[in-house]
1. Roughly how many Å² of residue 5 are accessible to a 1.4 Å probe, to the nearest 10?
2. If you restrict to DSSP beta bridges whose two residues both lie in segment 1-143, what percentage is antiparallel, to the nearest 5?
3. Alpha carbon centre of segment 1-59 versus segment 134-183: separation in Å?
4. Straight-line reach from residue 101: which aspartates and glutamates have a Cα under 14 Å away, not including same-chain ones fewer than 8 places off?
5. Round to the nearest 10 and report in Å² the accessible area of residue 63, as given by a 1.4 Å probe over the protein chains' heavy atoms.
6. Looking at segment 1-53, I'd like the Rg to Rh ratio, where Rg is from alpha-carbon atoms and Rh is Kirkwood's inverse mean 1/r.
7. Please express the Cα-Cα pair-distance distribution P(r) of segment 87-183 as a list of whole percents, one per 5 Å bin, running from 0 to the bin with the greatest distance.
8. Per residue, how many Å² of accessible area does segment 78-155 show with a 1.4 Å probe?
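The values are calculated or read from the model by the stated rules, or taken from the named source; none is laboratory data. Since the structure is predicted, the reported quantities are computational estimates derived from the model, not experimental observations. Methodologically, a virtual Cβ is constructed for each residue, glycine included, from the backbone with ideal geometry; neighbour enumeration extends over all protein chains shown. Ligands, DNA and RNA are excluded from the accessible area calculation, which covers all protein heavy atoms including side chains. Shrake-Rupley method; radii C 1.70, N 1.55, O 1.52, S 1.80 Å.
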Amino acid sequence: MAQAWLSAHIQAGDTVIDATLGNGFDALYLAQSIGKTGTLYGFDVQQEAIHSTTQRLQDEPCEQVFFLHGHEHMMAHIPQDKHGHIQAIMFNLGWLPNSDKSVITHADTTILALKQSLQLLAPSGRISIMLYPGHHGGDLEAAQVTDWLQTKHLHDISFKLEQIRVPQRPKAPILLQIQKENI
Ligand code: SAH
């Protein structure tokens, strides 16, 4: 759902960010959506994730720039002339599937990255966030990220916030969709 929602907005030649590369499945989808003239930036704190993503995307013709650094530092890595021109940013939180479950994303750094993402985004640009309240640590992250966004949104209507969840299954993944106003 997150992929489909983002790609409905993405056009060939766009610049997009995968904030959590992991095994590179989302990055592949983004790379295919931006075509050969697009640019994909990616972040992950694990070398293994950078490696699998590089392998998975080796035949994709778009420009690919991956950073072995936390997404909370994204502003410092994205070139100045791209600030305000990013069309889509994807967060798929939690841990790297089939790997070390002790390396997980945390609300404090996720929120820092979201603040920067809102600044980097182009008018009408989109951010998707998958939260996983079903695992230890993920429940806290989901609650804190959702609270932060809802509070920010009350005071700052320059973006639209939507939440997709299964109310009768509190541990099911939650999708947050953010769209920046077209101003
Ligand atoms: N999108 C991936 C799945 C991501 S899993 C896919 O399609 O396969 C979550 C990833 O977030 C893990 O690889 C983990 O290493 C990474 N991560 C944890 N903390 C991070 C941080 N501060 N910045 C960037 N990535 C982080």
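1. 40
2. Percent antiparallel among DSSP bridges in segment 1-143 is about 5.
3. That distance is 22 Å.
4. Counting by Cα, and skipping residues close in sequence, residue 101 has these aspartates and glutamates nearby: 48.
5. About 100 Å², ignoring ligands and nucleic acids.
6. Numbers: Rg = 10.8 Å, Rh = 11.1 Å.
Over the Cα atoms of segment 1-53, Rg/Rh equals 0.97.
7. The percentages, shortest bin first, are 3, 13, 24, 25, 17, 11, 5, 1, 0.
8. Values: 3580 Å² over 78 residues.
It amounts to 46 Å² per residue over segment 78-155.
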